[in-house]
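One structure is given below, encoded as structure tokens.
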Amino acid sequence: MTNKKTYLGAGALVILLGAVVIALIAGTSGNRAPDAVGADAGSPALAPTAALASLRSAEPRSDAEDAALTRARGSLARGGSIPVEYRELTAARLVGTSEGLDLYAVGGPRSLCVVTAPHGSLRGMSVGCGRSPEATDGSRPVGGVGKTPDGRQRVYFLLPDGIDAVSARYADGTTRELPVAANLISLTSEEPVDALTWTGTDGRRGEVSTRPE
Amino acid sequence: MSVAIVAAPSADAYVHSWSCYRYSTNDCSDTTGTTYNPWLEVLATSGYSVYHICAEGVTAAGNQRSTIDGVICNVNTFVRDSCLISTSPDSQGKVHWTDSSYGFTIQLQANAYTAPSSAC
């Protein structure tokens, strides 16, 4: 009888240890690192210059668009150990103007940048860059959230072709449909917008939080 | 612990470069050399595309310097290059990131520039 109890106890201990090991493995995989920039270089990517109609324009670039392209290239060139393929940028277009800011889409085979500048200016350009495919498949659009000089919320995002409208969800729970023009959604609002949602060309629902950092 | 390199490419240009491994929301500030400078530009990059990557200047009084576009952090990016509204008052470069999905450190690399060397 004592031996049976010992065996049962040992068996329970083995099962318990097994469960702990499985839980640890599950916890680790659930907390895994994302792919580093450049780590998925071998997988197919939807090039920003193909995914955004605004970047496919054959029109000559304006001086301001040239300045935005140069500025974004400079940000990537000075940015530490960014892989070479993510530094290549080939196209730039003014995609909209919002409350005193000009907004540019700047893209290459693997990177998509949004560049902002004071309206009509070739200087004072800030830059944010994401990578394909997530920046161009509708899952993680590149954008910015901040404030206008008078304290209203400022939101802007670049969205790929096929997403023609987004729904803005306000802090009070109301929603409002907003059109996407030239791959850009931009808004300024006194009432904070909590999130933007949309439906991609594949039917999947996308969402991005617009709460400030 | 951050790693910093102070470079003075010419008499009229001043650049600080620094880097850190940081968890989400933890600051990576420029802490070497002359800490507060007339920065006009702060550039942050990471090896990962994250929900927020942020680059800013903070004054000795702890105030966040305004950027020209009113934005400190870009969304879903691995680069944020901020142009500050002016070089005054002096500020300390600070970069950081957030992403609720990731519970590990990532390396942030940063540069801050005074007006003569800045593209802003």
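The values are calculated or read from the model by the stated rules, or taken from the named source; none is laboratory data. From a predicted model like this one, the values you see are computed outputs, not experimental measurements. Note that we place each Cβ from the backbone using ideal geometry, even for glycine, and neighbour counts take in every protein chain shown.
Taken together, the residues in the range A:123-145 that are closer than 17 Å to B:Leu84 by Cα and modelled with pLDDT of 95 or more amount to 7. Hey, could you check the range A:64-101 for residues that are surrounded by fewer than 21 Cβ atoms within 10 Å (Cβ to Cβ) and in a strand (DSSP E or B) and say which is farthest from the other protein chains (Cβ to nearest Cβ)? Top of the filtered list is A:Ala91.
Screening the candidates B:Asp81, B:Asp99, B:Asp27, B:Asp90 for the property of being within 28 Å of A:Arg152 (Cα to Cα), within 13 Å of the chain's Cα centre (by Cα) and surrounded by fewer than 24 Cβ atoms within 10 Å (Cβ to Cβ) yields one hit, B:Asp27.
The listed residues are B:Tyr36, B:Tyr23, B:Tyr14, and the only one of them that is of a type in the set (Phe, Trp, Tyr) and at pLDDT 95 or above turns out to be B:Tyr36.
When you scan the range A:171-185, do you find a residue that is within 14 Å of chain B (Cβ to nearest Cβ), closer than 21 Å to A:Asp102 by Cα and in contact with a helix residue (DSSP H, G or I) (Cβ under 6 Å, 6 or more places away or on another chain), even just one? No, because not a single residue in the range A:171-185 is within 14 Å of chain B (Cβ to nearest Cβ), closer than 21 Å to A:Asp102 by Cα and in contact with a helix residue (DSSP H, G or I) (Cβ under 6 Å, 6 or more places away or on another chain). Whenever a residue of the range A:170-187 is on the phi > 0 side of the Ramachandran plot, its partners that are at pLDDT 95 or above and of a type in the set (S, T, N, Q), lying with C-beta atoms within less than 6 angstrom and at least six residues away or across chains, give the pairs A:Ala182/A:Ser54; A:Asn183/A:Ser54.
Scan the range B:47-65 residue by residue and report those that are small (Gly, Ala, Ser) and more than 8 Å from chain A (Cβ to nearest Cβ).
Once the filter is applied, which keeps residues that are small (Gly, Ala, Ser) and more than 8 Å from chain A (Cβ to nearest Cβ), the range B:47-65 yields B:Ala55, B:Gly57, B:Ala60, B:Ala61, B:Gly62.
Across the range B:40-51, the number of residues qualifying as over 10 Å from the mean Cα position of the chain (by Cα) and surrounded by 23 or more Cβ atoms within 10 Å (Cβ to Cβ) comes to 4. Of the residues A:Val115, A:Val106, A:Val127, the single one that is surrounded by 24 or more Cβ atoms within 10 Å (Cβ to Cβ), more than 7 Å from chain B (Cβ to nearest Cβ) and closer than 20 Å to B:Leu40 by Cα is A:Val115.
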